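Read the structure below first, then the notes.
The values are calculated or read from the model by the stated rules, or taken from the named source; none is laboratory data. Only a predicted model underlies this, so the values are computations on that prediction, with no experimental measurement involved. Quick reminder, even Gly has a Cβ in these numbers, built from the backbone with ideal geometry, and neighbours come from all protein chains shown.
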Amino acid sequence: MLILGIDPGTRILGYSLLNTDGGQLQLVAMDVLYLRNIPDFKDRIQRIFHSTIRIIDSFHPDHLAIEAPFFGKNVQSMLKLGRAQGVAIAAAMSRDLSYTEYEPSTIKQLVTGNGNASKEQVASMLRSILGFDDSPKYLDATDALAVAYTCHMQLSNPLADIRQQLIPKQKKHKSAKKQWSEFITTNPDRIIS
């Protein structure tokens, strides 16, 4: 299976192609679409659409894996990122390509074991796993490879829900009121009237 991984962005969009034939992983391509020099946002979106179609038509991937927009402080940036993701998905769908979307923390957790890992840590771990020598100029390319790798890991174990495997269940914290109530109940001798 050939997986197209995309790390969407409106200034730099990373993409990679990962071949997973017979359990052997092979990096086919990894690069970025540099969009910073295009001043008009509509033109950037159009470039994302046409470039994604060009990549699909050139390599004929079997599946698209794409990073989901993350919730940040800047709502406008998040909306633009969502548009870039949507346009890439629309391009894939125009070529009847199935897709899966992954949360950034899930990708980082699977690749590095740390859901808060840096881009540099993700790139370093992928170099170790896949054995490529050259680091790309922009880490958006290795982020796209991380998305493709995450997809491969999920598809190689389809019965497992990747989020349940990777993200530890958070303990529910009791409210302060409940904590004090339990303390009073279990330690009546420590209460001073």
Filtered residues of region 55-103 (kept if touching a strand residue (DSSP E or B) at 6+ places or on another chain (Cβ under 8 Å), among the small types (G, A, S) and farther than 17 Å from T10 by Cα):
A65, A92, S98
How many residues does region 110-135 hold that are of a type in the set (D, E, K, R), under 15 Å from M30 (Cβ atoms) and part of a helix (DSSP H, G or I)?
2
Among the listed residues L18, L27, identify the single one that is crowded, with 21+ Cβ neighbours inside 10 Å and in contact (Cβ under 8 Å) with a residue 60 or more places away in the chain.
L18
Looking only at region 35-44, decide whether some residue is assigned to a loop (DSSP other than H, G, I, E, B), closer than 21 Å to F132 by Cβ and either in contact with a His (Cβ under 8 Å, 6 or more places away or on another chain) or among the hydrophobic types (A, V, I, L, M, F, W, C) (or both).
no
Could you give me the residue pairs with C-beta distances under 6 Å whose first residue belongs to region 64-80 and is modelled with pLDDT of 75 or more, whose second residue is small (G, A, S) and not in a helix (DSSP H, G or I) wherever it lies, and which are 6+ apart or on separate chains?
A65/G5; M78/G72
So which residues in region 59-109 are touching a His at 6+ places or on another chain (Cβ under 9 Å), surrounded by fewer than 20 Cβ atoms within 10 Å (Cβ to Cβ) and not in a loop (DSSP other than H, G, I, E, B)?
S98, Y99, T100
Subset of region 128-151, residues more than 21 Å from E101 (Cβ to Cβ) and in contact (Cβ under 8 Å) with a residue 12 or more places away in the chain, comes to I129, L130, F132, S135, P136, K137, Y138
Please go through region 2-34 and pick out each residue that is in contact with a Gly (Cβ under 6 Å, 6 or more places away or on another chain) and either aliphatic (A, V, I, L, M) or part of a helix (DSSP H, G or I) (or both).
V32
Report, by residue number, each residue of region 129-142 that is surrounded by 11 or more Cβ atoms within 10 Å (Cβ to Cβ) and either over 17 Å from D7 (Cβ atoms) or of a type in the set (A, V, I, L, M) (or both).
I129, L130, L139, A141
